[in-house]
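The values are calculated or read from the model by the stated rules, or taken from the named source; none is laboratory data. Quantities reported herein were computed from a predicted structural model and do not represent experimental measurements. Quick reminder, even Gly has a Cβ in these numbers, built from the backbone with ideal geometry, and neighbours come from all protein chains shown.
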Amino acid sequence: MKEDKKTLERMLEGDLPWEQLKLIIGSQKDPNRFDMIIEILQEQVKWKEKILLPLHEHLYIVVKDGARIVKCDCGFEFGDYKINWKTKCRVRVRDTVEAIEELYHKDMGSDPKWEELREYFCPGCITLLDVEAVPPGYPTIFNFLPDIDTFYEKWLGQKAPDR
Ligand SMILES: [Zn+2]
């Protein structure tokens, strides 16, 4: 399958979650296609740091001063990509019936005795990045820790950019 940049651009319109993007990238080992995706994403953000991988809706792993950090498309920096970006978020916990019913219809909502909703917001742009529905006291979930070097070397046959 041959794609030009325009087609990829259309595929990427809006924010593709990494899980979906991985499928697009992985359906064919094609470094050019990956480069093109990165190029398109890079054009969409306002900052200059090199994108290594899209991580999550609105979030990217970028290189900054030789370090790999998580950055929001608004520019907010979450720091080292190996540390769960959610720990830097503003969090709203919905653990009462009233708070849960703001989101869900009365009988659709969960019971706060066994489940709470945690909403994670970017501190920079207050975009809702993720929602966890977990038992109260459950540790913050680390969604995804990519092996960047293996991905670049095994899938793309190139070294991950270090600047
Ligand atoms: Zn943001």
Practice item. Only residues that are among the polar types (S, T, N, Q) and more than 14 Å from the chain's Cα centre (by Cα): list them for segment 130-145, please. Key: THR140
Revision key, fill the gap. Residues in segment 149-163 that are assigned to a loop (DSSP other than H, G, I, E, B) and among the charged types (D, E, K, R) total 3
**Study point:** Odd one out for VAL93 among (1) in a helix (DSSP H, G or I); (2) surrounded by fewer than 17 Cβ atoms within 10 Å (Cβ to Cβ); (3) in contact with a strand residue (DSSP E or B) (Cβ under 7 Å, 6 or more places away or on another chain)
**Key:** (1)
Review point. Taking the condition surrounded by 12 or more Cβ atoms within 10 Å (Cβ to Cβ) and without any contact (Cβ under 8 Å) to a residue 12 or more places away in the chain, does TYR60 pass?
Key: no
Point to revise | Among the residues listed as PRO161, PRO146, PRO112, the single one being more than 16 Å from the ligand (Cβ to nearest atom) and at pLDDT 90 or above | key: PRO161
Exercise for review: Read through the list (1) part of a loop (DSSP other than H, G, I, E, B); (2) within 21 Å of LEU41 (Cα to Cα); (3) outside the structural domain of GLN42 (by TED's automatic domain parsing), then give the number of the only condition that GLY75 fails.
Suggested key: (3)
Exercise for review: Hey, can you tell me all the residues within segment 129-148 that are touching a residue at least 60 places away in the same chain (Cβ under 8 Å) and assigned to a loop (DSSP other than H, G, I, E, B)?
Suggested key: ASN143, PHE144, LEU145, PRO146
Point to revise | Odd one out for LEU129, checked against (1) out of contact with any Cys (no Cβ under 8 Å at 6 or more places or on another chain); (2) within 16 Å of the ligand (Cβ to nearest atom); (3) not polar (S, T, N, Q) | key: (1)
